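First comes the structure, then the notes that go with it.
The values are calculated or read from the model by the stated rules, or taken from the named source; none is laboratory data. Remember, predicted model here, so these are calculated numbers, not experimental data. Ideal geometry is used to build each Cβ from the backbone, glycine not excepted, and the neighbour counts take in all protein chains shown.
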Amino acid sequence: MNSNHINTYPQTCNLKAMKSKILLSLMALLGLFIFNPVQAQGNLTPEKIKAALDEAYTKFKDVKDGKNADYIKELANVDPNIFGIALVTTDGTVYTKGDVSSMVSIQSVSKAFVAAQVIEQLGHQAMQDKIGVDATGLKFNSIVAIEEHRGKEINPLVNPGAIAATSLVAGKDSAAIWKSILDFQGKFAGRTLALNMPVYISEAGDNLRNQAIAHLLKAYGRMYFDPVQATDIYTKQCAINVSAKDLAVMGSTLANGGVNPVTKEKVVSPETVMYTLPIMATAGLYDDSGIWYYNSGLPAKSGVGGGIVAVCPGKFGIGVVSPPLDEAGNSVKAQLVIKYVVEKLGVNPFLIQPK
Ligand code: GLU
């Protein structure tokens with residue numbers, strides 16, 4: 001709303017009309033004050049955001065460290081030079097830099113959003129009781145982690161908890177559960193997402209370890225659907241194609257209390273977000289979850305496809321895609337970019353200026 005808008009009201013000498021005109025002007029001013037999108041982002045301005053993304057892109061585009069994941073054969077064939085950054089603020093403004101349209105498989109990033117789906121459908125207590133919300137301190141696909149606590153004390157962001165979470169999604173059969181997950185991830189992204197068939201086939205032919213995990217959980221009474229089918233749906237869920245922009249919109253939906261700020265659709269409740277983000281904070285980046293949180297202050301989730309989504313609560317979601325990974329399995333460039341942007345914009349939630 002602006003002054004031009006106010007000036008389009010017809011002129012009249014009538015006192016009543018004058019009064020309502022003054023009232024309208026005051027409301028317009030108030031609206032400008034309260035709903036100004038730039039102000040809603042705190043001290044973030046579009047210029048600052050654009051500059052931070054540009055600088056991060058230029059600074060890190062030539063980094064050659066890391067290597068594509070190859071334990072899923074198809075991932076080794078993905079172009080390692082894909083490099084895209086997207087940031088979506090909670091007022092729905094989309095900022096991009098680099099290649100934000102090339103797709104990679106979402107892989108483990110999907111786990112955070114399936115966790116949100118399960119919390120939304122069954123409640124946060126069910127997540128805590130039926131799966132667990134503790135970082136395991138062990139590898140993401142560790143069988144020891146299951147053995148140690150007889151299938152308890154895991155979380156939905158490592159493979160055992162993620163397959164268990166998939167097995168908890170409501171649906172009458174395997175096809176219905178898969179459709180529900182794909183649709184739900186699509187609502188977070190604000191568009192219809194699709195399966196990367198070669199990646200799915202490549203992993204499905206070689207996922208014996210995940211099948212073993214599902215069966216072991218079943219043996220401990222911690223698998224809530226057929227283990228073979230749950231593993232298959234989980235494998236499909238990991239093979240959903242996303243761009244850096246998709247990841248950013250997904251993250252911004254969490255940053256915005258569960259309402260997609262681009263489509264304005266309510267995907268999950270603010271309470272679901274409140275319980276999802278802490279799991280991302282404690283277990284989002286594999287064995288480096290602690291060091292990540294220490295250095296960025298942002299809940300995040302990475303995937304071996306090369307994507308990372310991070311959430312700055314109340315402010316924005318940021319998605320970065322760059323396939324080469326470090327030893328812990330996290331995209332090298334995505335971590336560098338997000339940490340740089342957080343620092344540059346001064347948005348680490350733990351950076352508190354004393355009054
Ligand atoms: N589908 C992959 C697996 O289960 C996901 C791994 C990941 O991104 O962490 O091994």
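For segment 91-167, please list each of the helices (runs of 4 or more DSSP H) lying entirely inside it that holds at least 3 residues being closer than 26 Å to residue 81 by Cα and at pLDDT 95 or above. Hits in segment 91-167: 109-122.
A quick yes/no check of all residues on (1) in a helix (DSSP H, G or I); (2) modelled with pLDDT of 95 or more; (3) surrounded by fewer than 20 Cβ atoms within 10 Å (Cβ to Cβ):
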| site | (1), (2), (3) |
| --- | --- |
| 274 | yes, yes, yes |
| 292 | yes, yes, no |
| 301 | no, yes, no |
| 308 | no, yes, no |
| 320 | no, yes, no |
| 337 | yes, yes, no |
| 342 | yes, yes, no |
| 350 | no, yes, yes |
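Consider residue 223 carefully, then state whether it is of a type in the set (A, V, I, L, M) and surrounded by 15 or more Cβ atoms within 10 Å (Cβ to Cβ). Answer is yes for this residue. The set of residues in segment 63-80 that are under 15 Å from residue 307 (Cα atoms) and of a type in the set (S, T, N, Q) contains only 68.
Taking each residue of segment 103-118 that is within 13 Å of the ligand (Cβ to nearest atom) and looking for partners that are among the charged types (D, E, K, R) and modelled with pLDDT of 95 or more with beta-carbon atoms closer than 6 Å, six or more apart or interchain, yields 109/301; 112/301. Selection of first residues in segment 262-284 that are under 17 Å from residue 186 (Cβ atoms) and of second residues that are of a type in the set (S, T, N, Q) and assigned to a helix (DSSP H, G or I), restricted to Cβ pairs under 6 Å at least 6 apart or on distinct chains, gives the following pairs, ordered by first then second residue: 267/253. Only one entry of 40, 52, 86 meets the criterion of being surrounded by 13 or more Cβ atoms within 10 Å (Cβ to Cβ), modelled with pLDDT under 95 and within 30 Å of residue 188 (Cβ to Cβ), and that entry is 40. Looking at segment 139-154 only, could you name the residues that are away from the ligand (no atom under 13 Å from the Cβ) and either free of Cβ contacts under 8 Å to residues at least 40 places away in the same chain or under 14 Å from residue 276 (Cα atoms) (or both)? Once the filter is applied, which keeps residues that are away from the ligand (no atom under 13 Å from the Cβ) and either free of Cβ contacts under 8 Å to residues at least 40 places away in the same chain or under 14 Å from residue 276 (Cα atoms) (or both), segment 139-154 yields 144, 145, 148, 149, 153, 154.
The C-beta contact set for segment 190-212 (first residue closer than 12 Å to residue 235 by Cα and of a type in the set (Phe, Trp, Tyr), second residue assigned to a helix (DSSP H, G or I) and within 11 Å of the ligand (Cβ to nearest atom), distance under 6 angstrom, 6+ apart or interchain) comprises 200/236. Filtered by the rule that a residue be closer than 25 Å to residue 132 by Cβ, within 14 Å of the ligand (Cβ to nearest atom) and part of a helix (DSSP H, G or I), segment 186-216 gives 203, 208, 209, 210, 211, 212, 213, 214.
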